[in-house]
Structures are given as C-alpha cells and as structure tokens.
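Below you'll find the structure, written out as structure tokens, and then a few comments.
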Amino acid sequence: MRIRSLTLLSMTGLALLMLVICPAEFIAAPQKTAIPDLTQGQSIPEDMTHDWNLGATGARGWMYSEKLTTSKARQVAITQVVNGSPASGVLEVGDVVLGVNGKPFAFDPRTELGKALTRAESRAGGGRLSLIRWRAGKTDTVTLKLDVLGDYSATAPYNCPKSKMILEQGCERLAQQMAEPNYRRGAIERALNAMALLASGEAKYLPLVKREAQWASEFRTNGYSTWYYGYVISLVAEYTMATGDKSLMPGLERLTLEAAHGQSIVGSWGHRFARDNGILGGYGMMNAPGVPLTIGLVLAREAGVSDPQLDLAIERSVKLLRFYVDKGCIPYGDHSPWIQTHDDNGKNGMAAVLFNLLGDQEAATYFSRMSVASHGAERDCGHTGNYFNMLWAMPGVNLSGPSATGAWMNEFGNWYFDLARQHDDSFRHQGPPEPKPDSYRNWDTSGAYLLAYAMPLKAIRLTGKGKSSVPTLSRSEAQALIEDGRGWANDDRDSFYDKLSTTQLMERLSNWSPIVRERAGMALGRRKAEVVPQLIKMLSDEDLHTRYGACQGLKLMSSVDRSSAVAALQKTLDSDDLWLRILAAEALAGIGQPAKVAVPQLLQRLASCDPLKDPRLMEQRYLSFVLFDRRGGLIGRSLDGVDRQLLLDAVRAGLQNDDGKARSTVGSVYQQLTLDEIRPLLPAIHEAVVQTSPSGIMFADGVRIEGLRVLARHHVEEGMQAAVTYLQNQNDWGNAKRTPDILKSLVSYGAHAQKYIPDLEKIADQFAAEDAKRRPQSRNGMDKMVQDAINQIKNSNDRPTLINIQQGKVG
C-alpha cells in the first residue's frame, strides 16, 4: 500500500525534530518573496504553487500566503476553470479577482470569498456571486450564477435545510464516484468515504458500503499500518453494528488483534507496530494514528470482538491519553501537553470521540470544549498539513450539542466548508495557507466533510449514535468557548492579548482553558506587570484553574522579581493535585536562583513518586526537567551546595523513568560528579545504557550515549559490551549520528576492546549490506566508521585499569 500522506518520513531528522517541538513555528517560517502585483505584469513566484478551490464556482485560484495566513493577499489569480461550471465563460485562467460584492479585498481574500459564497447560496443572495475581475489591463464586475441552497441555521448542521441538501447531494456524488470501475483512494480516504455513506442512513448506499467494508476487512500492508488500521477497523465495526451483518467479523478480529499486539508496552503506537520487545522503532510514539486506533479498538469491541489483549490495549492507551485532561492538547507523541492552540492536528476531537464512547464524561467534555474553542487560524495548523485538524473538528464539537456546532460553523465552518465544496458537490482538501501544498494535496475529503453534515442523523458512532456523556451547551456557553479561541493568528499571536487590560489578563488566568491562561500569562510577562502579590494570593484560591493560572503566570513573568512567591510555591508542591504540583515546580524553575531553596524538597519528591498514585510517574518526569535540564533546570549547570545523598537517590529514580527525554535530562549530572561521587551510580548508569526507555524514543539516546562516555571515562569494564550491544541493536532512526559517539567510547578502552573485534566485523558487514541498498547520495558510511574503530583497537597497546561493576573491584 503506497502512503501518500506521510512525506514527513523523508525529512531530515532535524526538520522532523523541529516539527515535533514546534510545528506551527516551523511550518510558518517567514517567506522572503515579495507580494507580486499580478495586475502590473508580475508573476506568481515559482516556489508558491498552492492554489485553492473557490467553492462551487468551478474555478481554482492562487493567493499570496506566508506565516500560515493569506491575510496579506489582495488578489486571487485564476489557475483553473472547469468547463460547464458556473465560472465557465465568465472567468478564465490568467484573470485576477480583486474583490467581491463591489468591494476590493480588505483583510483576507480566502475568508472574504468564503463568506461571499455562503451569502450567494443563501435565499437573500439569490445565487449571485459578484466579483471584481481584472483581465488584460481592464477591471470590471462580473456575476457568477450559483445554486441557491438556503441559509445555514443557528444550529447547523442541526435543523438546517442547507446542510441537509449538501449532505444528500454530496453523498449522491460520492456514491457515483465510488461506483466507477477505476475508483482508487488511499485507505484513510476510502474508509471515510464509505463511513460517510453509512452515516447518511440511506439504505440505497449499503451495497457500496458493504463492498468497501469487505475491502477493509481484508486490508493488509507492510507499510505504516498504524495510520490505516484505526480507520479501516472503524469502518468494519461501524458497518457491522449498523447492519447487524456479522460476515466480516473474522477480518475485524484479525485487524483488531494485530493492532492490539502491535501496541507498545506503554500503550502507544508509532508509524509501525512495536518491535518484539514491546518498544517502538523509528522516533517513537505518535498520537495522530494512535488515538484513531484506540477508537477503532473500542468500536470493534462494541461490534463483538472479545479478547483480553484487546481490553489491555484499550486500557493502556486510555491511561496514557487521559493524562492530558485539563492540561492542554494531546500532543504529537509522549510529550508535554500542547498549549499553543486549542487543538493539535485534530487529536482533541479524536479524544472527545474516544472518551465519549467509553462513557468518561469528564474527559469527553474537556476535549469537546477544546474542539469548540479551536477555529480559524488554529485549524489552519497541522503537522505536515491540516487534514486531520479539519476531519476531527466536527466529531469533537458535535458532542457538545447543536448550539456548539452552530456557533463553530458560524464562526468558521460555514465559509470554510463552502469554499472547499466543488461545483460537482464533492470536496477537496484545501490545506493550510502555505506557499506549497501540504502532504494531503490530492486527497478527496468528501467523506470527511460529509460526516460533519451527517452529525444530526446520528446513524453511526462516529457521528454521535448512542447516548452522549457530554452535557449540551447553551447558546451563550457555546459562544463563550468561541470567544476563548479568538485572539490568535499565525502572523500575529500577541496583539489581541496585549490590548487587554491587566485586570482582564488576570481574569483570564482563571479561565478553564490552559491555552487562554498561557496566552494571558505571556502577555503579563511582556508588559512586566507588577502582579506577583495577586498571583501569590491566587495560589490559595478555591478554584483549581485559578491556582493553575497563578503558576503559569509566575513561570512566564521572567522580567519581574518573583522571589516573594517561592515560599507559596513550595507550599503548593504539597497539593493533592498532581498537575498543580507540576506547574508549581515549573514556576520555581522559571524563577531560577531564588528558588534553589526548594531543591531538597524537589529532589525528595522526585525520588519518592508513588507509582500507585501516578502509574506513569509523570510527576517524576517533569521534576527531572525542572531540576536537571541544562538550560532551565535549577541544578542543570551547577551542583554546588546540593546534598549528595538526596541527589543520588533522585538520579537513581529518574534513570528508571519510562521517558527517554527525562532519563537524558537526569544524565546531565554525570559530567559534574567526580569518580568517587559517581561510583555509587555506576550500576544505574550502566542499566540506563543497556535498557532503553520504553517511551520518549526520539530523545532516548542522550542518556545512553552520555552513560557510555561516563563508563569509558572511568574505564568501567561492562561499558565495552554495552557499546557493542548498542551498536548492534540501536534504532535505525538517527543511527549515523550516534555511531561515532558509541565507537569513540569503545576505542577509549584500548587493547581491552580487542576481544570484541569479531563482533565489530560482523556489525561492519551488516552496515555495509544496509548501505548498499541505499541510493548513493543517502549512504551513511557507518561500515567505514566501524572499520576505522577496529583498526584503532587492533593497533592499541593501551590497557587502562578497569573497574568491574558486577565484581565491585578494580582489576
């Protein structure tokens, strides 16, 4: 199966790391191309090829974009006109649209065109779309005639004739496409298209749906199966439950158990299923395929699949994902909660659906509210594109009821959906406003959009069939969530909050939304507001969100003296709420030097975290960053005055954390300790090298490389075997960068390492065979690195005195 969406796999490690840590910033890198004036003979830049569907006109158009926005554009260049469409004979390639309804574009042609399309299709608009057209030096006004579909209701798609018509016409067109002999789509598109027809509730589509469900039940791939399995499993399960047809159960069981057995031991999935040791390969955990997989497993269980491994897989994944409730968005992988926007590539919408299926009201409600608050520029973002951010928006919003869907659609969905809908009633992926199309540029999004319009029918679980555990929002409550999502744009993330008064910002620190609180705290920090006494008082407020906000504010106000808050934050470290303790610790790290009095307390907490109360030891993970991070940790650069016994206890504990990044952060202390100080830690250091962390794979190598250096520096005998084993079994991702460091540690043992030369020769042959399969420009030459190390070891006469951990002696 060829995967077209995941072009991220071909990116360099550095680019991928940037995307993981700050996807929006990386995607939105400033463009240096000047905005062309197409009416003055200037051309569309060659490196800006992203054009847009212009609604039901039958035309496509290019507009200038940068920093993930089209707000600087004022012209739309026509790039395509479909014969027989409303635009045919009125527009032609090379025309430039300068405005709509008699007015030049004023703030964003994409939004303005979308809203003009919505109005034109309304009763008041009468199907007339008026455009200011420039052609060959002449400017005039032209009118396109569109079908009148009516108005969106205040609760769209509920009680909305226009939404109903779009759904009916779209499904009819989709069915025609699917019935064609040459119908071919990627597995995700294909599964969603079939589920859209199923969600329509129309019996006439069932033969097509059954055919697609049959295909899905037989689905196999040697590629990135995790991305597909969640969607194909969901299709088969939804079909089985909707029709009562049990004929596809064998295929559903196979798919489900393959996915369950392919889960990592911590409950996650990556691009591929986990290795035999239960640890993910590549760069580790990815929630974008993992959450839909969990949804698929839950649906399969509802459809009748019964197996203890299935139950365990669901339990593990849910335990992992539920941590993010009330903390932010579900992030890319096993990372901190994402708090830049109210959704991160649609994963909150996914989570809302998942937890609603499980009847978890608190979690489903939180993630649904986050989905409602994410609109506009926030939905334009996404790792490698915004396909999933759009797909999962309405499933998440829908759980909060008709007022929520209506408010979200009125704010964003109405015009965005109308712009994406083509003249033949199908939908095409638009992508974020980047100069070039994203990874999903050729994807058919008909199923994704039609599922949104099918929400009122509640014909399948994905569109809300069954009892919702999420309380229905009133109109005012829904609008308040929409307001919470405002004030952020990719090209202007600060000015809205900077215009608020200090009183207003302080009020927002008590908001339910972690994102609103963070934005308010950042704004307070930028203006250097003297509000520390108020923040200290907020730390003892009865409202938990207020206490969260106080910690966030104290952390972010780096230009203000916050030393007076240290004692109150230390007291907060004893709170019963885990996340409040973590935020208090992060605030202390943000304060820096004056907060070092809290180091003994923090070390004790890190060493004594209770796995019964905190199964994944998340507090321990965050405390590792707070204490040992080299850039912002309280003792990351200096251990002066730190009690050594408390330190050693904390380091031993931190080196056993599931998270590779936490372990690597703890490893920053190695270089600051003498041999006598580090000797008691050598067994733990060796263990952290030999046993890779089960999660945080992307960052797991730091502690292993640093550990090998320490073992080599003190000539610990076990370090040689550890280095050879690491070379043999290391993760393929990034191994060309790690290999020189591993070999350097091994070579430092001199002649002692000669007994490992046969192993090294086998490793060199293995690397050579792997390199031969690559294209010349992609070869890494690791076999030559190993051969050079072999030669150095062969020629060495150096025999440093060795320390043996197991025997506890010098030999």
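The values are calculated or read from the model by the stated rules, or taken from the named source; none is laboratory data. What you are looking at is a predicted structure, and each value in this text was computed from that prediction instead of being measured. When we count neighbours, we look across all protein chains shown, and the Cβ atoms used for this are built from the backbone with ideal geometry, even at glycine. Only protein heavy atoms, including side chains, enter the accessible area calculation; ligands, DNA and RNA are left aside. Shrake-Rupley method; radii C 1.70, N 1.55, O 1.52, S 1.80 Å.
Just a few scattered comments:
- Under 5 Å between amide hydrogens, built in the peptide plane, is the criterion, and for Val100 it picks out Phe105, Ile132 among residues at least 5 positions away or on other chains.
- Cut-off 9 Å between beta-carbons: net charge of the residues surrounding Ile132, Lys and Arg +1, Asp and Glu -1: +1
- Expressed as a whole percent, the accessible surface of the stretch 573-726 that belongs to carbon and sulfur atoms is 48, based on a 1.4 Å probe.
- Given Lys162/Lys465; Lys737/Lys794; Lys162/Lys467; Lys210/Lys436; Lys737/Lys773, the pairs whose alpha carbons are separated by over 29 Å: Lys210/Lys436
- Equivalent ellipsoid semi-axes, the chain, via Cα gyration tensor eigenvalues times 5, rooted, Å: 49, 32, 27
- Asp51 long-range amide H proximity, modeled H, under 5 Å: none
- Calculated diffusion of the stretch 350-417, Stokes-Einstein form, Kirkwood radius summed over Cα pairs, 37 °C and 0.692 mPa s, µm²/s: 274 µm²/s
- Calculated FRET value between Glu92 and Arg184, using beta carbons and R₀ = 30 Å, to 0.05: 0.45
- Helical runs (DSSP H, four residues minimum) scored at -39500 (n - 2.57) apiece and divided by the length of the chain put the mean residue ellipticity at 222 nm at -14000 deg cm²/dmol.
- Rolling a 1.4 Å probe across all protein chains gives Tyr548 an accessible area of roughly 10 Å².
- By average C-beta atoms within 10 angstrom, highest first, the peptides 699-706, 38-45, 591-598: 699-706, 591-598, 38-45
- Positive minus negative residues near Thr49 (Lys, Arg vs Asp, Glu; Cβ under 11 Å): -2
- Amide H within-cut-off set for Leu91, under 5 Å, with H built and near neighbours excluded: none
- With θ taken as phi - 60° and the Karplus curve 6.51 cos²θ - 1.76 cosθ + 1.60 applied, the whole-hertz 3J(HN,Hα) list for the stretch 616-630 is 9, 6, 5, 4, 4, 4, 5, 5, 4, 5, 4, 8, 10, 4, 5 Hz, x standing for glycine and proline.
- Accessible surface, per residue, of the chain when the full set of protein chains is kept, probe 1.4 Å, Å²: 39 Å²
- Phi-derived couplings, Karplus 6.51 cos²θ - 1.76 cosθ + 1.60 at θ = phi - 60°, listed residue by residue for the stretch 739-753: 3, x, 5, 5, 5, 4, 5, 5, 4, 5, 7, x, 5, 4, 7 Hz, with x used for Gly and Pro.
- Each residue of the stretch 677-689 is assigned a 3J(HN,Hα), and the resulting list reads 6, 8, 3, x, 8, 3, x, 5, 5, 4, 4, 5, 7 Hz, derived from the Karplus form 6.51 cos²θ - 1.76 cosθ + 1.60 (θ = phi - 60°), x at Gly and Pro.
- At full extension, Lys737 and Ser564 could sit 57.8 nm farther apart than now, given 0.36 nm per residue minus the alpha carbon distance.
- Protection proxy ranking of 276-283, 326-333, by the mean of other Cβ atoms within 10 Å over each peptide's residues and highest first, is 326-333, 276-283.
- Relative contact order computed over the chain (Cα-Cα under 8 Å; 6+ residues apart), in percent: 10 percent
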